[in-house]
1. Using DSSP loop states and a limit of at most 13 other Cβ atoms within 10 Å to flag GluC sites (Glu not before Pro), what is the longest stretch of the chain containing no flagged site?
2. Expressed as an acute angle from 0 to 90° and rounded to the nearest 10, what is the orientation of the C-alpha long axis of helix 20-35 relative to the principal long axis of the chain?
3. How far, in degrees from 0 to 90, does helix 102-112 lean away from the longest principal axis of the Cα atoms of the chain, to the nearest 10?
4. Give the span of segment 3-112's Cα atoms along each principal axis, as three whole-Å numbers ordered largest to smallest.
Amino acid sequence: MPIEAWSEQITIAELADEPAFSEEMSSLMQRMEDLGDAVPDVILNLANVSYLNSSNIAQMLRVRKRLNTAGRNMRICSVDDQVWGVLMITGLDKIFDFTEDVTTALASLQLND
């Protein structure tokens, strides 16, 4: 399953190119809304994402805002060079927290707690 509850405190979203990206991000937002104040930290694994569009970026920002409101964190990992270019051009490389892979993201979030 593309969205997995790794633990009670961490959810991992394995994303892919459109249309799966938008569907999974919508599903992730719905899960967070359903959880109310018990929102977990989130890892967005972009290993299978080769491009981002403005809608994808908006969804990522909404997830980040929801997590910040709940006092939780998000890590983005396994970013392709082309996607990294889009993130840098838009300045989002300074807004999001990135790690090399899922394992590093898990360690980062666990150490952050």
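Since every read-out is calculated from the coordinates, none of them should be taken as a lab result. In this text the structure is predicted, and so the values were computed from the model without any measurement. Reconstructed Cβ throughout: ideal geometry from the backbone, glycine too, with neighbour counts over all protein chains shown.
1. It runs 9-99.
2. On a 0 to 90 degree scale, this one is about 20.
3. Its long axis makes an angle of about 50 degrees.
4. 34, 27, 22
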